[in-house]
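Taken together, the values in this text are just the output of simple stated rules run on the coordinates, not laboratory data. Only a predicted model underlies this, so the values are computations on that prediction, with no experimental measurement involved.
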Amino acid sequence: MSLMVMKNYPAEFKADAVALVLSRPDRTITSIARDLGVSRETLRVWVRAAQARGEGGQRAAGGGRTGKDTPAGHLPSDDVLEQENKQLKARIRELEQERDILRKAAKLFAGETNW
């Protein structure tokens, strides 16, 4: 017989987790929940609640990365470089957000451990 333990997560952790889900259309809720150490259903409920409140909207579709599509010998235009720079900065923000969420999760779980 398994006992269900109700955990209380800080509001900031929930908000960060929802923001991560909404900013990463290439990842599933299941994989993000596993990375954060929460149940898939719990994270799904948080996302739906945030969307119902109008926070963050729907999950964005498509990553839209620019590749190395330029023919050999041609330099990309300033517009292409600016767009690529914008996408790289967005990716850095995503990675920093993921890192911060994982740090907070580690601190949260370390505090629950009674060693």
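When the Karplus curve 6.51 cos²θ - 1.76 cosθ + 1.60 is applied with θ = phi - 60°, which whole-Hz ³J(HN,Hα) does each residue of segment 35-45 get, with x for Gly and Pro?
4, 8, x, 10, 6, 4, 5, 4, 5, 4, 5
Stretched out fully, how many nm does the piece from D79 to L95 gain, at 0.36 nm a residue minus the Cα gap?
That pair, D79 and L95, stretches by 3.3 nm at full extension.
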